[in-house]
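My questions all concern the structure below.
Laboratory data are not the source of any read-out in this text; all were calculated from the coordinates shown. All values reported here derive from a predicted model rather than from experimental measurement. When we count neighbours, we look across all protein chains shown, and the Cβ atoms used for this are built from the backbone with ideal geometry, even at glycine.
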């Protein structure tokens, strides 16, 4: 019979079983969900754009390196195994133009990982989305390079300078420049002639590295929903708000449905709504909070696109809403099971 | 289909190991160690001395207060010792050690009730009290207190057969093998509370049991309804079962009786049946022995006080790399550091885990994913409760985050991808809150006493 005295027993607190899902598996799921969009941006309709791949790899390696170095220097336990730096690296590359020099993304990675993420305590403690904050600082520092977009069918060299790459205005830039002027219907007609709705949906347009293909991003988003990594509230509220606002605010002389489609499919809305705004650390934890967060992102996006000097507002709208997350979490609390009715009424009266 | 409760998780139920195995009688052990505290409330005082001869069903522990339940000998034989022994709750507990004489002499006190159909609620409560019946799902609250505090207030009487913890199959087997005990026990409760029907909540993964019960109900024309519930943990938690069946929520800090519900475990119901129809108090317990460390998992019926090593022996022993023994289910059970503890009235399961170490993380760091908020059946926010407690702020834990409403079901900890010790932290937090309350009370009492002295 078993010698019960010789068992080495652990007497820890319950529960004694844990779900198979852990931080690493969640991050791995996000990486998997980003791959279709990456593949699309490499394939890019005929011209194998390997700079998209090398740019992403450089970004990932620098993010992981900065995280490792910071924690090494400060003698903190290493956390790079959780793959969150890999996700940040991919997302940072996705929101930058494919034509920027490599050193620029290494710098952006430093800002994302060290300043935004690690200085606040590492994973889960940052209050801004690291990739978007990294992009914001790059835009502020290198406005030219960060707002020059290769044309959809441009040939882009992997190693040499990208100065000679054919550039083109993105759909949002075209709309943004014409908004408020007389010739908006004309510009819009030019836009719809240049890119069909199918082009917009597939991603055959100019834009940041990983943001153009709504289809591929949507595939990734559905994967994340099925795997329960994200919930539907933020993406649906965000995209829905942008769709409704653009539907009712189409400029005179432009079909409101077309305006809505080009507003939703152009720019970084899908990437932002599915992968950025849903970032755990910087979005509310309650479902209602997430809905409000998503609606807020949508409203600010439309506001910036319409009135701001930037043609695109997704990045800043998310960063601004990131700053409200603590507020949404503080004031939107679930009504607990069995809460006294009086308290409920009081809360309603307030 | 009944209504849903909030949140919940779906752990792998692991019940296939034992749910088709009939309940086996464990060969009576040579010695039983009966703890004098197997219930919530005051411990019992032993009323036997070393050398006394005791019979099965004979009272050996006198209740130490109103919220308490007497304890009876589970085997016949000689009292070998009355001394503290290791407790399954940690530390030691005064225990009566009986050497089995293998005669199985039953005490003369054990007599069935002459006319079970004409029992008044008071009589039934008295029988339940004398039989030492406590909530046998694990909470071990004395059942007579529950009945008497619920009388007149309750219009929903619910039998808890959800058995939502993974691995455990004792209730499932009881329903399949002893449906008459279940239904007759439930009928007694219906009469006692004067309700038209009693609900039995069964999770959807035990449909065959629901069918057996329904056949029995039809046969006996009993005022009992079987409700098939979602298979989701913690379906069998008292507040959640109340919500799923009656649609009512138990007010914060109150008992189910305050929502007009009274909930009895299936095992408790069978114990009531036995106490009335056979006169036998709680002396036996059905225990599921399972887990990766057990050679041959089984459902065993054994005398109360059987050392858990005897259970494992009956299941072919343990694997050498067993690293954890759990009394109770894997979600809420207590890990044991020794096999010297014995089966109590609330022990429904003994698990042994072997092989791979736990999913333990050296430096767990919250990623704020909010999954814990989604699964909490009380709709608390474990993420913030944990953060406040880590900063030592138990006032915010208590007041703003309603931490004292936590039922410690473990759903948040189960689901946490960062592997934070959430439930553990909340137990400590509640302890801190209680300590502070006691300290404040002691201080107030002392001041009062000082003031009184001054006046005098």
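Starting from the Cα of residue B:358, step 7 Å toward the Cβ, then list every residue of the stretch A:13-43 with an amide N under 13 Å from that point.
Residues passing the 13 Å test: A:13-19.
Using Cα-Cα distances under 8 Å and only pairs 6 or more residues apart, what relative contact order does the stretch A:23-146 have, in percent?
Across the stretch A:23-146, relative contact order equals 25 percent.
For a Förster distance of 51 Å, can you work out the FRET efficiency between the beta-carbons of residue A:76 and residue B:441, rounded to the nearest 0.05?
The formula returns an efficiency of 0.75 here.
Would you mind calculating the relative contact order of chain B from Cα pairs under 8 angstrom and at least 6 residues apart, reporting the percent as a whole number?
Reported relative contact order: 18 percent.
In the Gaussian network model of chain A, springs joining C-alpha atoms below 10 Å, which of A:331, A:223, A:195 carries the largest mean-square fluctuation?
Comparing A:331, A:223, A:195 in the GNM, the peak value goes to A:331.
List A:59, B:148 from most exposed to least, where exposure is judged by having the fewest other Cβ atoms within 10 Å.
Lowest count first: B:148, A:59.
Can you pull the mean other chain C-beta count within 10 Å for peptide A:282-290?
For peptide A:282-290, the averaged partner shielding equals 3.
Report the calculated FRET efficiency for residue B:115 and residue B:428 (r = Cβ-Cβ distance, R0 = 45 Å), to the nearest 0.05.
About 0.30, to the nearest 0.05.
Using only atoms on other chains, find how many Cβ atoms lie within 10 Å of each Cβ of peptide A:23-31 and report the average.
Taking the mean over all residues of the peptide, I get 2.
If you restrict to DSSP beta bridges whose two residues both lie in the protein assembly as shown, what percentage is antiparallel, to the nearest 5?
Given both bridge residues lie in the protein assembly as shown, the antiparallel proportion sits at roughly 65 percent.
Follow-up question, since we're still on this one. Based on alpha-carbon centroids, what's the gap between the stretch A:219-270 and the stretch B:125-165 in Å, whole number please?
Their Cα centres are 54 Å away from one another.
With the contact rule set at Cα under 8 Å and sequence spacing of 6 or more, what percent relative contact order holds for chain A?
Relative contact order of chain A: 17 percent.
Separate question: For B:140, A:23, B:278, what's the fewest-to-most ordering of other Cβ within 10 Å of each Cβ?
Exposure proxy ranking, most exposed first: B:278, B:140, A:23.
Given the peptides B:232-244, A:102-114, A:71-83, arrange them by the average over their residues of other C-beta atoms within 10 Å, most packed first.
Packing order, densest peptide first, comes out as B:232-244, A:102-114, A:71-83.
OK, next. By counting other Cβ atoms within 10 Å of each Cβ, how are B:164, A:125 ranked from fewest to most?
Least to most surrounded, the residues fall as A:125, B:164.
While we're here: Simple spin-label model, 7 Å along Cα-to-Cβ: residue A:20 to residue B:248 in nm?
Taking the two extended label points, one gets 4.2 nm.
Could you work out how far the C-alpha centroid of the stretch B:30-53 sits from that of the stretch A:86-145, in angstrom?
67
How would you classify the stretch A:144-226 from its alpha-carbon gyration tensor, with a ≥ b ≥ c the square roots of the eigenvalues: rounded for a/c under 1.5, else prolate if a/b is greater than b/c, otherwise oblate?
Since a/c reaches 1.5 but b/c is at least a/b, the shape of the stretch A:144-226 is classed as oblate.
Further question on the same structure: If each DSSP helix of 4+ residues adds -39,500 (n - 2.57) and the sum is divided by the residues in chain B, what number results at 222 nm, nearest 500 deg cm²/dmol?
Calculated from helices alone, the mean residue ellipticity at 222 nm is -9500 deg cm²/dmol.
Further question on the same structure: What FRET efficiency do you get for residue A:164 and residue A:13 if R0 is 45 Å and r is their Cβ-Cβ distance, rounded to the nearest 0.05?
Efficiency computed from Cβ-Cβ geometry: 0.10.
Another question about this same structure. Need the full-extension length gain, residue A:68 to residue A:182, defined as separation in residues times 0.36 nm minus the C-alpha distance. One decimal, nm.
Gain on extension, residue A:68 to residue A:182, equals 35.7 nm.
Using alpha carbon centroids, what distance separates the stretch B:253-288 and the stretch A:39-81, in Å?
About 60 Å separates the Cα centre of the stretch B:253-288 from the one of the stretch A:39-81.
Place the peptides A:272-285, B:175-188, B:436-449 in order of packing, highest mean first, counting for every residue the other Cβ atoms within 10 Å and averaging per peptide.
Result, highest mean Cβ count within 10 Å first: A:272-285, B:175-188, B:436-449.
Under a plain spin-label model, where a point goes 7 Å from the Cα along Cα-to-Cβ, how far apart in nm are residue B:320 and residue B:220?
Those two pseudo-labels are separated by 5.0 nm.
Simple spin-label model, 7 Å along Cα-to-Cβ: residue B:208 to residue B:101 in nm?
The two pseudo-label positions are separated by 4.2 nm.
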